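Worksheet for the structure shown next.
The values are calculated or read from the model by the stated rules, or taken from the named source; none is laboratory data. Since the model is a prediction, treat every value here as computed from it, not as a measurement. Reconstructed Cβ throughout: ideal geometry from the backbone, glycine too, with neighbour counts over all protein chains shown. Please note that ligands, DNA and RNA were not included when accessible areas were found on the heavy atoms of the full protein model with its side chains. Shrake-Rupley method; radii C 1.70, N 1.55, O 1.52, S 1.80 Å.
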Amino acid sequence: MLVIAIMAIALTFFGGTKMVPRMDPATNTVMRDPESGQPVRVEVNRFLDSQNLIQVANNASYIAVMAVGMTAIIALAGIDLSIGSIYALAALIGAFALRELERTTGLMVALPVGLLVCMGVGALAGFVNGAMIVGLRVHPFIITLGTMAIYRGVVFVLSRGQTVSGFPESIQRGFFKLSVGGVQPVPSLLMVVTMVGGWFVMSRTVIGRRVYAIGGNEVAARYAGIPVGRVKILVYTIAGMLVGLAACMYAGYFGAATSDAGAGYELRVIAAAVIGGASLAGGRGSALGAALGAIVIELINNGMIILQVDQSYNQIVMGAAIVVAVLVDQAKRRPGRNH
Amino acid sequence: MDAIANKSLVVVENVSKRFGVTQALDDVSASFLAGEVHALMGENGAGKSTLGKVIAGLHRQDRGTVFVDGHELRPGSIDDAYARGVRIVHQELAQCPNLTVAENLCLHDMPTNRFGLIDRRSMNERASELVHQLEPGIDVTRPLGALSPGWRQICQIAAALEDRGENGGCGPRVIVFDEPTSSLSIAEVNRLLEIVRSLAERGLTVLYVSHRMGEIFACCDRVTVLRDGRFVATSRVADIDEPTLVEQMIGRRVAATTAKGLSRQSGTSHLAPSEPSDGAKRASGLRVESMASPGKLASVSFEVAPGEVVGIGGLVGAGRSELLDAVFGLDGASSGIVEIEGKAIPSHSPSAAIRAGVGYVPEDRKQQGLFFQLGIDENIVAPVMSMLASTGGIRRRSDESRLVDERIRSFQVKAASPASLPGSLSGGNQQKLLLARWMGKRTRVLLLDEPTRGIDVGTKSEIYKIVRDAADKGVAVLLVSSEMPELLHLSDRILVMCDGRISGELRGEQMTQANILRLATMESAAATAADC
């Protein structure tokens, strides 16, 4: 809860500073105008405008969904560097499957196919990671550094570097990019569902508490009879499945999968989890924090655009935000609970 | 011992040292001669290692003085001790297994050429010179980690023998060996003992910290015994025999009888388990058959009846904790049968053991026991959370908190709230917390490893009561303790372990400190003696 409070403060802080300049320049309204297709209204140009917020949330949602899984891995004192590659692999194979369907296939067929294939591929890739980490007793950093390259290589082999598109209309216009009242809420809603689901699993189920126990003290976990290996494999598998979900959201939203999708996402996802309060030493981290961390990263992005700062500064600010977030978290940390 | 032997080189006066609640050394005075091998003996925790470390400057004494050749050493200063010629050889001493023998020996001062690069040739020469006086077979260009434990030990001794003249100090004059043979094979031990003797013949004072009888009689001139941090006696080895030495280590005969009286007193209230003959008919609480694990345990078999407390005695490294680990299914390499109330545990895993009704309070509550990032409540329910949960693994929080409240109350864990972290508790309360974890109806067998280590006296007696109460409810208790009075007080029967096997069983009148110690040191003493 402490972490979330810090994040809320951070959000208000970042949001607040960016709100003011956005309201002033009239150029922004002009930019927004053709997109909404509505005649210009006086009060549109605030940062807290529904359009902008949903856009920020949608952009954050891919990272956020993956960060929920990553948080569980980090709370387990593990790491997964391969998720950017899993993301591309799941999206690609999902795209292959969707391309096979008729363009006119209905949502009730297209969506389950897309979700099942993407999440299945993601789960399988995560399972392979977990099984190797547990079975071969190699540090997860090394295993996933290896699979990061392997999975990405598989993507290049399968796609030959081409973009795969031509999905049924229904999955894009009819679901992931569905427009409701001028906004496209589905990716954001999926993020919220994942976040709440992640919170529930991490705090209210046995497996979730075992994750914290193992991450906090693996030796003691063994002495308490916790099946450490099984929990680890399961967590990597579930995290992979969530990456698959994010991949499906991405392919479904954009109607295509590219072979370089998700490149560098592993670091953004880890950053989101860490900003959200996960400790790389294990034992700490929350799903809510992870999603909020992803939103903070996206807010920084968004804020820089609104402030019309040169994109080149983006990374510098982002890097500083990670360090500051962790420092603030460390300073504020008291004996508290993981939620 | 010859001419120089009359001179006391090292004198220790009124040294005291305290670690937390333990008084490791209490007003100890002793003196050690030049050219002698002087053994420091005592039980686990008697203070013998601490004394060696105080002399070498590794520990800073609270009171008292150490003199070397008439000079008062600065307390707790390794450098000062080193400059006066005091060297220590012990297991935990920093060594880098990834570097070569020569690099290890020259780590403090690597010879360089005029370009500032390491001069390997002169480094290797210097190292060979040191090592080969002890063991010509060692190749100093090999990584230290590739050497056998015995040779590694010899390299340490070689390092200790180095004369670093540049500090204005003198060469080695006093060498402290701290349990030097604990990880060596018998042949290696004998080679080491030869080296130890040769050092004394060169006029050095050797302080030999050990609890192995055989080694003491094989190579030492005099022996000083410590007990509970106090000086007991210094004798010439030639003038003393083993029983007398054992008696000195464990205290007066009177002490032994008192402890026995205590144990019998507590034993009378548990008549059922003291009739082991009908154990065959009734299902025993815990039955272990041919439990073996490579390098740790050699075919251990025993039974514990419901309501019986069986103690396991033995020295550090005898395989006591390893036995408990194996029974609990934590040792992947172990083989053997574990039966709980007549039913074999189907697989070697802690979760199977817990389902069968085994509870385990491990030795090190910080490393092995507690989750410091989780609340007291979750620390208690950790092993049973999945059994309390509804289908799908969703926690039943009301059931959990009911169980937690009841345990905290009945075991009087003094905590601000069930959600507070274990780090906020005292050591005694942390230990009670760990015990409370296993005190459910489900637990039929309780494995306790040093359940009162580092705990104040008051909490100790509470824990004794908890253990006895559990036994009264029919739980079979297996207790490992290095504290003799505790072992004698709590146990209905004692198994003594030595070198990974059970070297003897003691009942009733036989349960004395002397008998335990004799069985615990028997094997190693016999082996060493046989090999000499």
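A few notes on this one:
- Counting only helices (runs of 4 or more DSSP H) that sit wholly inside segment B:1-111, those with at least 3 residues that are surrounded by 20 or more Cβ atoms within 10 Å (Cβ to Cβ) and modelled with pLDDT of 90 or more are B:48-55.
- Residue-level check: of (1) within 14 Å of another protein chain (Cβ to nearest Cβ); (2) outside any loop (DSSP other than H, G, I, E, B), B:Phe371 misses just (2).
- Among the residues of segment A:177-223, those identified as hydroxyl-bearing (Ser, Thr, Tyr) and facing another protein chain (nearest Cβ under 8 Å) are A:Thr205, A:Tyr212, A:Tyr223.
- Conditions (1) buried (at least 16 other Cβ atoms within 10 Å of the Cβ); (2) more than 14 Å from chain B (Cβ to nearest Cβ); number of the one not met by A:Gly283: (2)
- Of the criteria (1) away from every other protein chain (no Cβ under 13 Å); (2) among the aliphatic types (A, V, I, L, M); (3) under 30 Å from A:Thr205 (Cα atoms), which one B:Leu447 fails: (1)
- Qualifying residues in segment B:350-368 (those that are open to solvent by 40 Å² or more (accessible area, probe 1.4 Å) and farther than 22 Å from A:Ala77 by Cβ) - the one farthest from the other protein chains (Cβ to nearest Cβ): B:Glu363
- Just one of (1) open to solvent by less than 10 Å² (accessible area, probe 1.4 Å); (2) within 7 Å of another protein chain (Cβ to nearest Cβ) fails for A:Pro227. It is (1).
- Exactly one residue out of B:Ser347, B:Ser424, B:Ser420, B:Ser401 is without any contact (Cβ under 8 Å) to a residue 12 or more places away in the chain and within 14 Å of chain A (Cβ to nearest Cβ): that is B:Ser424.
- Set A:Ser188, A:Ser203: member being touching a residue at least 40 places away in the same chain (Cβ under 8 Å), over 25 Å from B:Thr391 (Cα atoms), among the polar types (S, T, N, Q) and assigned to a helix (DSSP H, G or I): A:Ser188
- Residues of segment B:382-398 include at least one that is in a loop (DSSP other than H, G, I, E, B), among the basic types (Lys, Arg), over 22 Å from B:Arg501 (Cβ atoms) and facing chain A (nearest Cβ under 9 Å).
- Hits in segment B:361-405 (condition: under 19 Å from B:Ile466 (Cβ atoms) and among the β-branched types (Val, Ile, Thr)): B:Val361, B:Ile376, B:Ile380, B:Val381, B:Val384, B:Val404
- Criterion violated by B:Ser398 - all others in (1) assigned by TED's automatic domain parsing to the domain that holds B:Val304; (2) surrounded by fewer than 23 Cβ atoms within 10 Å (Cβ to Cβ) satisfied: (1)
- Residue within segment B:26-39 that is within 19 Å of the chain's Cα centre (by Cα) and either farther than 24 Å from B:Ser482 by Cα or assigned by TED's automatic domain parsing to the domain that holds B:Gly203 (or both) present: yes
- Scan of segment B:308-332 for residues that are part of a loop (DSSP other than H, G, I, E, B) and either within 14 Å of chain A (Cβ to nearest Cβ) or among the hydroxyl-bearing types (Ser, Thr, Tyr) (or both), ordered by number: B:Gly329, B:Leu330, B:Asp331, B:Gly332
- The condition of being more than 24 Å from A:Gly277 (Cβ to Cβ), under 18 Å from the mean Cα position of the chain (by Cα) and open to solvent by 20 Å² or more (accessible area, probe 1.4 Å) does not hold for A:Leu124.
- Boolean, B:Leu519 is under 30 Å from B:Gly214 (Cβ atoms), assigned to a helix (DSSP H, G or I) and open to solvent by 10 Å² or more (accessible area, probe 1.4 Å): yes
- The residues in segment B:452-472 that are in contact (Cβ under 8 Å) with a residue 40 or more places away in the chain and closer than 28 Å to B:Ala356 by Cα can be counted, and the count is 7.
- The lone exception for B:Gly329 - which of (1) out of contact with any His (no Cβ under 7 Å at 6 or more places or on another chain); (2) modelled with pLDDT of 90 or more; (3) of a type outside the set (Phe, Trp, Tyr) it fails: (1)
- Any hit, segment A:277-294, residues being closer than 14 Å to A:Gly319 by Cα and either of a type in the set (Asp, Glu) or over 12 Å from the mean Cα position of the chain (by Cα) (or both): no
- One residue from A:Gln172, A:Gln184, A:Gln162 being open to solvent by 70 Å² or more (accessible area, probe 1.4 Å) and not β-branched (Val, Ile, Thr): A:Gln162
- Hey, B:Val404 among the β-branched types (Val, Ile, Thr), assigned to a strand (DSSP E or B) and open to solvent by less than 30 Å² (accessible area, probe 1.4 Å) or not: no
- Flag for A:Gly146 being assigned to a helix (DSSP H, G or I), over 18 Å from A:Gly264 (Cα atoms) and either touching a residue at least 40 places away in the same chain (Cβ under 8 Å) or open to solvent by 20 Å² or more (accessible area, probe 1.4 Å) (or both): no
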